[in-house]
């Protein structure tokens, strides 16, 4: 693992117990909870929170009252052949939202690499003692400029269940527009009224114009921070964006927006998202320049 091209320095990683701290240029920028403690009835999955800008602004939210199953930055999938690795209610075709006892768990099984600038982790996705997926996850923190750094997040999922599986979403189960599932970043609400951040891509502005569409990158700009998400491989760039700004601020890269994603026995699927975490409220040209630099690294 190496720092981004033109970066001022690589990130470092240290941790005790179930928590790992990522640093850039000696400053802590994120905490990765790889052995989470979750309340009964909630699916367990590792997450990053808090994630901060280099200036110290927190840009994630954990278990907010509006969606208590939102966990900072995580890999969350609502439907792996009927098993819910997202949380909340399950959406069943022709029945809508229902409460089902079908939650699975993502369990950290070991580190494959722990270098000063990142880590490679293995996880087991299980339900009632049966392993469905095995994941290799790579996370790194790279300095990009004096006021921006990059969170590089790669997830490779392999079907180890011995049977064919498929990944779905509420959209594939009859709820149009709700194609969430995959990499997901819950950002914080700002102000007493929960002021909505701006969202824009290279050629689109606003939730309605971007939600459910593909774009090479997407920026979410709050009062004094900006997050710029970019797909770093072809499959990721082909996935539509899930965007919320008015109900709550959140961005996801959807694995199954229009149809279920088949995952045959022994098959794998890999996605890579790079997120520029920047101080300040950036405009379109500034965001585009930073994410191009991050993706090229």
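The values are calculated or read from the model by the stated rules, or taken from the named source; none is laboratory data. Please read these numbers as outputs of a predicted model, since none were measured by experiment. Using ideal geometry, Cβ is built from the backbone for each residue, glycine included, and neighbour counts are taken over all protein chains shown.
Matching residues to (1) assigned to a loop (DSSP other than H, G, I, E, B); (2) in contact with a helix residue (DSSP H, G or I) (Cβ under 7 Å, 6 or more places away or on another chain); (3) modelled with pLDDT under 95; (4) at negative phi:
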| site | (1), (2), (3), (4) |
| --- | --- |
| 156 | no, no, no, yes |
| 176 | yes, no, yes, yes |
| 199 | no, yes, no, yes |
| 208 | no, no, no, yes |
| 212 | yes, no, no, no |
| 228 | no, yes, no, yes |
| 258 | yes, no, yes, yes |
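Is at least one residue of the range 265-274 at pLDDT 95 or above, surrounded by 15 or more Cβ atoms within 10 Å (Cβ to Cβ), more than 24 Å from residue 166 (Cβ to Cβ) and in contact with a strand residue (DSSP E or B) (Cβ under 8 Å, 6 or more places away or on another chain)? Yes; the residues of the range 265-274 include at least one that is at pLDDT 95 or above, surrounded by 15 or more Cβ atoms within 10 Å (Cβ to Cβ), more than 24 Å from residue 166 (Cβ to Cβ) and in contact with a strand residue (DSSP E or B) (Cβ under 8 Å, 6 or more places away or on another chain).
Return yes when residue 54 is at pLDDT 90 or above and not in a loop (DSSP other than H, G, I, E, B) and no when it is not.
No.
Any residue at all in the range 111-130 that is more than 21 Å from the chain's Cα centre (by Cα), part of a strand (DSSP E or B), at pLDDT 95 or above and closer than 18 Å to residue 86 by Cα? Among the residues of the range 111-130, at least one is more than 21 Å from the chain's Cα centre (by Cα), part of a strand (DSSP E or B), at pLDDT 95 or above and closer than 18 Å to residue 86 by Cα, which makes the answer yes. Would you be able to say whether some residue in the range 96-104 is surrounded by 15 or more Cβ atoms within 10 Å (Cβ to Cβ), at pLDDT 95 or above and outside any loop (DSSP other than H, G, I, E, B)? No - not one qualifying residue is present in the range 96-104.
Of the residues 251, 243, 277, 269, the single one that is within 14 Å of the chain's Cα centre (by Cα) and more than 23 Å from residue 65 (Cβ to Cβ) is 277.
Name the single residue, out of those in the range 65-86 being part of a loop (DSSP other than H, G, I, E, B) and in contact with a strand residue (DSSP E or B) (Cβ under 7 Å, 6 or more places away or on another chain), that is surrounded by the fewest Cβ atoms within 10 Å (Cβ to Cβ). Before you say what the answer is, go through the steps one by one.
Looking only at the range 65-86, we keep the residues that are part of a loop (DSSP other than H, G, I, E, B), and these are 65-70, 72, 81-82, 86.
Restricting the remaining residues to those that are in contact with a strand residue (DSSP E or B) (Cβ under 7 Å, 6 or more places away or on another chain) gives 70, 72, 81, 86.
Values: 70: 24, 72: 25, 81: 16, 86: 26.
Applying the filter and picking the extreme gives 81.
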